[in-house]
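Everything on this sheet refers to the single structure shown next.
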Amino acid sequence: MFPENIAERTRRDFPLLNSISGQQGLIYLDHAATSQKPQSVIDSLEHYYKNINANVHRGAHQLSAKATDAFEGARQIVGNFIGANSFREIVFTRNATEGINLIARSWGDSNLKEGDEILLTVMEHHSNIVPWQLLSGRTGCLVKYVGLTPSGELDVDDFCEKLNEKTKLISLVHISNTLGCCNPISEITSKAHKYGALVLLDACQSLAHQPFDVGSIGVDFLVGSSHKICGPTGVGFLWGREHILEAMPPFLGGGEMIQDVFLDRFTSSDLPHKFEAGTPPIGEAIAMGTAIQYLELIGLENIRDWEHKLMEHLFEKLSQINDLRVLGPTPSNEKYRGALATFSVEDIHSNDLASLLDIAGICIRSGHHCCQPLHRHYGLTGTARASLSFTSTIEEIDLFIDELCSSISFLRKNS
Ligand SMILES: Cc1ncc(COP(=O)(O)O)c(C=O)c1O
């Protein structure tokens, strides 16, 4: 069936996408860096600060009870969104990066020792590399990396070769923010579990783009960031299996995460508050819940199908440009691919392309996209990336391609 043009019905909900830049409306093709926010999310933040601003879990007054209800309601929304068994499995964090650091510090410090191994992949974002390098420095565990196939996908054979009895954790991205490939998580998980290893999924680039269910994918931990799913910055979440979270020591200490404090000791509060020290980002968590409700209203299947159509169009157009190389797999009907294209053009610096496109009111990303090891793997220092969302249109892609071609000709003439 022909996918519904969701952009037609959703674009007007996004104030920033309707602002004018130069001759035309702003063309925002940097959704993988951060998503734009619909009016309902902006209203939700404003509503919290105007009407129910109070600290949570601690006030005897009605205002605090209202804030607590809305905050805990957002936790339920997040839990339902990813198919969690219980709200106790959802820990609010500042972002996905903090979620990974939480696991490395809490689970890693208390479970890993010299000789143990952690498996990552070459395509990971720095936030899924550096916390494990730090853990390795503290515990002596070894960090190993799974390589890529020639088409820019996870090399499952290499994964199988590197997986062994010493592997304690596999931490990997669901959809790469640079290659766009969607990793075969169920397969990875079932193989990992045979060796008793846990799997942490970085779902930053998948949650806003396709239906998701943590139960069927089989992982043990998952992290996400609100700002990637149409919600505000400053909040994210960690999901973990309840019995694993239960056995983990607290990450940060302070208010909220305790039951009793004495001069020489403390007892921790129950899940999930055990991992939420200090005053949380209350309004932001509530607005993240609103963002999820907005995505669910559009329908994640609809989003996936529309973005797939956009991707096919983008790739078709990019393939017609000489000396342009796109990283990662080409879109196909058989295999889901993330809605982004990362590319390099021979003898042209990606910053020059991004600057010229910016003058034309088109936002793309340029640089290493927090994936320096991946860029080194390809012998590149930087690339350009155009990333889409359900609000993107075929017309925007065409304008982007026209401007990209003009920019390439201009830079070639002036080099
Ligand atoms: C795949 C991936 N993982 C992790 C992150 C880190 O997200 P945050 O900075 O919100 O913690 C990003 C952000 O770009 C990402 O794309």
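As I understand it, the value is the acute angle between the Cα axis of helix 130-139 and the longest principal axis of the Cα atoms of the chain; what does it come to in degrees, rounded to 10?
The angle comes out at about 40 degrees.
Could you check how many percent of all C-alpha pairs in the stretch 137-198 are farther apart than 17 Å?
41
If amide H atoms are built 1.01 Å from N in the plane of the peptide, which residues on other chains or at least 5 residues away come under 5 Å of the amide H of L148?
D155
Just the Kirkwood number for the stretch 263-318, please: inverse of mean 1/r across all distinct Cα pairs, in Å, one decimal.
After inverting the pairwise mean of 1/r, the radius is 15.4 Å.
Need the list of lysines near K50 for cross-linking: C-alpha distance under 22 angstrom, and skip anything on the same chain fewer than eight residues off.
Cross-link targets: K37, K66.
Which entries of K113/K168; K144/K335; K113/K144; K144/K191; K168/K335; K113/K166 show an alpha-carbon separation above 20 angstrom in the structure shown?
K144/K335; K168/K335
Given C-alpha coordinates of the chain, what is the ratio Rg to Rh with the Kirkwood estimate of Rh?
Taking Rh as the inverse mean 1/r over Cα pairs, Rg/Rh reads 0.98.
At 222 nm, what value in deg cm²/dmol follows for the chain if DSSP H runs of at least 4 each add -39500 (n - 2.57) and the sum is divided by all its residues, to the nearest 500?
After summing the helix terms and dividing by residue count, I get -11000 deg cm²/dmol.
Under a point spin-label approximation (7 Å from Cα along Cα-to-Cβ), what is the C405-H126 distance to one decimal in nm?
3.6
Using a simple spin-label model with points 7 Å from Cα along the Cα→Cβ vector, what separation in nm is obtained for H193 and E4?
If labels sit at H193 and E4, their model points lie 3.4 nm apart.
Using label points projected 7 Å from each Cα along Cα→Cβ, tell me how many nm separate N414 and L380, to one decimal.
Simple spin-label model gives 2.3 nm for this pair.
How long are the semi-axes of the equivalent ellipsoid of the stretch 40-169, taking √(5λ) for every eigenvalue λ of the Cα gyration tensor, in whole Å from largest down?
39, 18, 13
Values in this text are rule-based calculations from the coordinates and carry no lab data. Just so it is clear, the structure is predicted and the values come from calculations on it, not from any experiment. We place every Cβ from the backbone using ideal geometry, glycine too, and count neighbours over all the protein chains shown.
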